[in-house]
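Before any comments, here is the structure.
The values are calculated or read from the model by the stated rules, or taken from the named source; none is laboratory data. What you are looking at is a predicted structure, and each value in this text was computed from that prediction instead of being measured. Positions of Cβ are backbone-derived with ideal geometry, glycine not excepted, and every protein chain shown enters the neighbour counts.
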Amino acid sequence: MTPENGKEKKDFDAEAAGMKRYRNGEIWEFEDDMGVSDGDGTGVLLGLDGGTTSTVCICMPMIPFSHSQLQSLPILARAVAGCSNHNSVGEIAARETIEQVMADALSKCGSKRSLVQAVCLAVSGVNHPTDQQRILGWLRDIFPSHVRLYVRNDAVAALASGTMGKLHGCVLIAGTGSIAYGFTEDGKEARAAGAGPVLGDWGSGYGIAAQALTAVVRAHDGRGPSTMLTSSILQTLGLSSAEELIGWTYADPSWARIAALVPVVVTCAEAGDEVANKILLDSVQELASSVKAVVERLGLCGQDGKSAFPLVMVGGVLEANRRRWDIGKEVMNCISKYFSGVIPIRPKVEPAVGAAWLAWNFLMKECHKG
């Protein structure tokens, strides 16, 4: 039967292109206004880094490059949206955020889904194969059947951003949340932490700030020592008493909102506050222990514990260096005591670019197998 109205025609065209009918079709309406036909455009790759704070999508051209030239691959478009961790905002909201940011990236560079060759989604909250399969299921509804789809945890993209898309070594992320993730050259993988604030992202921005808020309440109750954190946090938040802090916290207990208080903790520690200083020292130990657990489980350090391996370090907590308190530096000093062969890497590109590089590498491997 011939489609009679605009909506039915769009559904008909989508199915003809290998896509199922999808309820968020309006997100892709920009494709209807594009004059370029599928055969006239350059194939593209999509790399997406989705976290608790923000979601970034990068679009790159699918050009035949050697791996050594991968860093020369230009960025055609970059789009940003909010949280896409389904544990934070729910399944439906996470899906809509991811779909919208991919559509925005393609729209910005004048491309469309039929020109996409591969997509790599690296999203926080992807902790089990069932998570991967669930996301792959609805991605297949969105993209034509020829598109190669890859779904990983966001830590994998962060690792790839420091290793040019190669999955080898360990990555430590310490931003709103924290996780250590590692791969051996033969594909074995392991992780530590990354279980969210309730189950222990200690050392993360949320973990540091939550301990600081707890310290303020304990000091107010008389259950803990007095601390400069009380006046500093109350002033930062525009509150007049510790009692008001309870209402502020539970009015919107989002992870990123709490984690934004980390600079206050660092400032107090630099000013000599013992409570703040201990919170940061504990966070350093927690982050270092996460890396240690991954490295030892995978044997990245070799039998003698001295073999070289890359450690990619990503996240606002590790970059919050101050005159006296440099958390990232302290974590590295701690890890170096365990593993003399560790090679610290501070990526020059963002994780979303690492995700796009992963898409390229995954696609090349499949082509070589074929």
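Applying the selection to the stretch 178-216, what residues are of a type in the set (Gly, Ala, Ser) and touching a strand residue (DSSP E or B) at 6+ places or on another chain (Cβ under 8 Å)?
Across the stretch 178-216, the qualifying residues are Ser178, Ala180, Gly182, Ala190, Ala192, Ala193, Gly194, Gly200, Gly203, Ser204, Gly205, Gly207.
Annotation: of all residues in the stretch 237-254 being hydroxyl-bearing (Ser, Thr, Tyr) and surrounded by 14 or more Cβ atoms within 10 Å (Cβ to Cβ), the one that is modelled with the lowest pLDDT is Ser254.
Among the residues of the stretch 194-220 satisfying the criterion of being at pLDDT 95 or above and of a type in the set (S, T, N, Q), which is farthest from Gly315 (Cα to Cα)? This residue is Thr214.
Within the stretch 221-235, the set of residues being touching a residue at least 24 places away in the same chain (Cβ under 8 Å), surrounded by 17 or more Cβ atoms within 10 Å (Cβ to Cβ) and not small (Gly, Ala, Ser) comprises Thr227, Met228, Leu229, Ile233.
May I ask you to verify whether Ala160 is within 19 Å of the chain's Cα centre (by Cα) and over 20 Å from Ser88 (Cα atoms)? Answer is yes for this residue. Kindly evaluate Arg191 against the criterion of being modelled with pLDDT of 90 or more, assigned to a strand (DSSP E or B) and charged (D, E, K, R). Yes: the conditions hold for Arg191.
Residues that are within 20 Å of Gly203 (Cβ to Cβ), over 10 Å from the mean Cα position of the chain (by Cα) and not assigned by TED's automatic domain parsing to the domain that holds Leu311 occur in the stretch 127-137; there is at least one. Pull up the stretch 179-188, narrow it to residues that are in a strand (DSSP E or B) and more than 14 Å from the chain's Cα centre (by Cα), then point me to the one that is surrounded by the fewest Cβ atoms within 10 Å (Cβ to Cβ). Top of the filtered list is Phe183.
With respect to the conditions (1) buried (at least 20 other Cβ atoms within 10 Å of the Cβ); (2) of a type in the set (Gly, Ala, Ser); (3) modelled with pLDDT under 95; (4) not in a helix (DSSP H, G or I), Ser145 falls short on a single one, namely (1). I'd like to know if the stretch 153-162 contains one or more residues that are surrounded by fewer than 24 Cβ atoms within 10 Å (Cβ to Cβ), at pLDDT 90 or above and over 21 Å from Ala293 (Cβ atoms). The answer is no; no qualifying residue exists. Scanning the stretch 106-132 for residues that are part of a helix (DSSP H, G or I) and touching a residue at least 60 places away in the same chain (Cβ under 8 Å) gives Leu106, Ser107, Arg113, Ser114, Leu115.
Can you tell me how many residues in the stretch 72-93 are farther than 21 Å from Gly354 by Cα and either among the hydrophobic types (A, V, I, L, M, F, W, C) or more than 15 Å from the chain's Cα centre (by Cα) (or both)? Number of matching residues: 5. Tell me, yes or no, whether the stretch 302-315 has at least one residue that is closer than 22 Å to Gly194 by Cα and surrounded by fewer than 22 Cβ atoms within 10 Å (Cβ to Cβ). Within the stretch 302-315, one or more residues are closer than 22 Å to Gly194 by Cα and surrounded by fewer than 22 Cβ atoms within 10 Å (Cβ to Cβ). Can you confirm whether Ala103 is touching a residue at least 60 places away in the same chain (Cβ under 8 Å) and more than 20 Å from Leu363 (Cα to Cα)? Answer is yes for this residue.
Scanning the stretch 315-359 for residues that are in a helix (DSSP H, G or I) and either closer than 20 Å to Ala122 by Cα or hydroxyl-bearing (Ser, Thr, Tyr) (or both) yields a total of 11. For the stretch 259-283, a residue qualifies if it is surrounded by fewer than 22 Cβ atoms within 10 Å (Cβ to Cβ) and of a type in the set (A, V, I, L, M, F, W, C), and the qualifying residues are Ala260, Leu261, Val264, Ala271, Leu281. Criterion applied to Leu287, Leu300 was being touching a residue at least 40 places away in the same chain (Cβ under 8 Å), touching a Cys at 6+ places or on another chain (Cβ under 9 Å) and in a loop (DSSP other than H, G, I, E, B), and the one residue passing it is Leu300.
Of the helices (runs of 4 or more DSSP H) entirely within the stretch 207-267, those holding at least 1 residues that are among the acidic types (Asp, Glu) occupy 242-251. Checking each residue in the stretch 193-207 for being over 19 Å from Tyr250 (Cβ atoms) and among the aliphatic types (A, V, I, L, M) picks out Ala193, Ala195, Leu199.
Per this entry, Asp104 is not counted among residues that are touching a strand residue (DSSP E or B) at 6+ places or on another chain (Cβ under 9 Å), acidic (Asp, Glu) and at pLDDT below 95.
The single residue among Gly182, Gly187, Gly169 that is touching a Cys at 6+ places or on another chain (Cβ under 7 Å), within 16 Å of Val295 (Cα to Cα) and of a type outside the set (Lys, Arg) turns out to be Gly182.
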